[in-house]
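S.K.: What follows is a structure written as C-alpha coordinates; I'll ask about it next.
The values are calculated or read from the model by the stated rules, or taken from the named source; none is laboratory data. On a predicted model such as this, the values are computed, not experimentally measured, just so you know. Please note: Cβ atoms are built from the backbone with ideal geometry, for glycine as well, and neighbour counts cover all protein chains shown.
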Amino acid sequence: MKKIQPINAYVLIEMDEEAEETTAGGIIIPETAKEKPSEGKVIGIAADASEQIAVGDRVIYKSFSGTNITFDGTDYLLVPASDILAKYVKVDSI
(Lines give C-alpha, C1' and ligand atoms only; values in the text may rest on other atoms or scores of the structure.)
Protein backbone atom coordinates (compact mmCIF):
# COMPACT_ATOMS: atom_id res chain seq x y z
CA MET A 1 0.00 0.00 0.00
CA LYS A 2 1.32 3.45 -0.92
CA LYS A 3 0.52 6.79 0.63
CA ILE A 4 1.80 10.34 0.28
CA GLN A 5 3.90 11.81 3.10
CA PRO A 6 4.48 15.57 2.77
CA ILE A 7 7.97 16.93 3.57
CA ASN A 8 9.62 20.36 3.85
CA ALA A 9 6.82 22.03 5.86
CA TYR A 10 4.05 21.05 3.42
CA VAL A 11 0.53 19.88 4.21
CA LEU A 12 -1.50 17.44 2.09
CA ILE A 13 -5.13 18.55 1.76
CA GLU A 14 -8.04 16.64 0.29
CA MET A 15 -10.05 19.28 -1.52
CA ASP A 16 -13.81 19.53 -1.17
CA GLU A 17 -15.78 18.07 -4.05
CA GLU A 18 -17.24 20.68 -6.35
CA ALA A 19 -20.73 20.18 -7.64
CA GLU A 20 -21.31 20.86 -11.32
CA GLU A 21 -22.68 24.38 -11.67
CA THR A 22 -25.40 25.31 -14.11
CA THR A 23 -26.77 28.81 -14.66
CA ALA A 24 -30.50 29.60 -14.56
CA GLY A 25 -30.49 29.46 -18.37
CA GLY A 26 -29.08 25.91 -18.34
CA ILE A 27 -25.47 26.75 -19.27
CA ILE A 28 -22.92 24.49 -17.58
CA ILE A 29 -19.95 26.39 -16.17
CA PRO A 30 -16.69 24.56 -17.03
CA GLU A 31 -14.11 23.71 -14.37
CA THR A 32 -11.63 26.16 -15.89
CA ALA A 33 -14.00 29.09 -15.29
CA LYS A 34 -14.68 28.26 -11.65
CA GLU A 35 -12.84 29.71 -8.70
CA LYS A 36 -10.52 27.23 -7.02
CA PRO A 37 -11.85 25.97 -3.65
CA SER A 38 -10.00 27.29 -0.64
CA GLU A 39 -10.81 24.75 2.04
CA GLY A 40 -10.41 21.06 2.64
CA LYS A 41 -9.42 18.29 5.04
CA VAL A 42 -5.83 17.72 6.19
CA ILE A 43 -4.71 14.23 5.15
CA GLY A 44 -0.98 14.45 5.89
CA ILE A 45 1.52 16.83 7.48
CA ALA A 46 5.29 17.12 7.25
CA ALA A 47 7.03 16.72 10.61
CA ASP A 48 8.29 20.31 10.48
CA ALA A 49 5.04 21.88 9.18
CA SER A 50 3.04 23.16 12.16
CA GLU A 51 1.95 22.18 15.63
CA GLN A 52 -1.32 24.10 15.22
CA ILE A 53 -2.90 21.71 12.73
CA ALA A 54 -3.41 17.95 12.78
CA VAL A 55 -4.52 15.22 10.40
CA GLY A 56 -8.31 15.37 10.15
CA ASP A 57 -8.61 19.14 10.66
CA ARG A 58 -10.72 21.12 8.19
CA VAL A 59 -8.71 24.13 7.10
CA ILE A 60 -8.97 27.28 5.00
CA TYR A 61 -5.95 28.09 2.83
CA LYS A 62 -4.91 30.92 0.51
CA SER A 63 -6.59 30.98 -2.89
CA PHE A 64 -4.38 29.81 -5.76
CA SER A 65 -1.92 28.22 -3.33
CA GLY A 66 -0.21 24.88 -3.58
CA THR A 67 0.29 22.18 -6.18
CA ASN A 68 -2.55 19.97 -7.43
CA ILE A 69 -1.84 16.24 -7.53
CA THR A 70 -3.95 13.15 -8.22
CA PHE A 71 -3.20 9.96 -6.33
CA ASP A 72 -5.26 6.77 -6.65
CA GLY A 73 -8.00 8.72 -8.43
CA THR A 74 -8.38 11.35 -5.68
CA ASP A 75 -7.43 15.01 -6.08
CA TYR A 76 -5.17 16.52 -3.42
CA LEU A 77 -3.37 19.78 -2.89
CA LEU A 78 0.14 20.14 -1.44
CA VAL A 79 0.20 23.50 0.37
CA PRO A 80 2.98 25.16 2.36
CA ALA A 81 1.95 25.24 6.04
CA SER A 82 2.41 29.03 5.97
CA ASP A 83 -0.45 29.30 3.42
CA ILE A 84 -3.00 27.80 5.82
CA LEU A 85 -5.02 30.69 7.22
CA ALA A 86 -7.42 29.04 9.68
CA LYS A 87 -8.98 25.80 10.84
CA TYR A 88 -12.51 24.98 11.91
CA VAL A 89 -12.92 24.34 15.62
CA LYS A 90 -15.88 23.28 17.73
CA VAL A 91 -16.95 25.71 20.44
CA ASP A 92 -19.66 25.65 23.08
CA SER A 93 -20.74 29.26 22.49
CA ILE A 94 -19.81 32.32 20.52
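S.K.: Among the residues of the range 51-68, which ones are touching a residue at least 40 places away in the same chain (Cβ under 8 Å) and more than 10 Å from the chain's Cα centre (by Cα)?
M.R.: Answer for the range 51-68, where residues must be touching a residue at least 40 places away in the same chain (Cβ under 8 Å) and more than 10 Å from the chain's Cα centre (by Cα): just I53.
S.K.: Taking into account only those residues within the range 3-29 that are farther than 21 Å from A86 by Cβ, under 20 Å from the mean Cα position of the chain (by Cα) and surrounded by fewer than 10 Cβ atoms within 10 Å (Cβ to Cβ), which is modelled with the highest pLDDT?
M.R.: K3
S.K.: Take the residues in the range 32-48 that are at pLDDT below 65 and exposed (fewer than 10 other Cβ atoms within 10 Å of the Cβ); name whichever of them is nearest to the chain's Cα centre (by Cα).
M.R.: Among those that are at pLDDT below 65 and exposed (fewer than 10 other Cβ atoms within 10 Å of the Cβ), it is E35.
S.K.: Could you grab me the full set of residues in the range 54-68 that are within 16 Å of N8 (Cβ to Cβ) and modelled with pLDDT of 90 or more?
M.R.: Within the range 54-68, G66, T67 meet the criteria.
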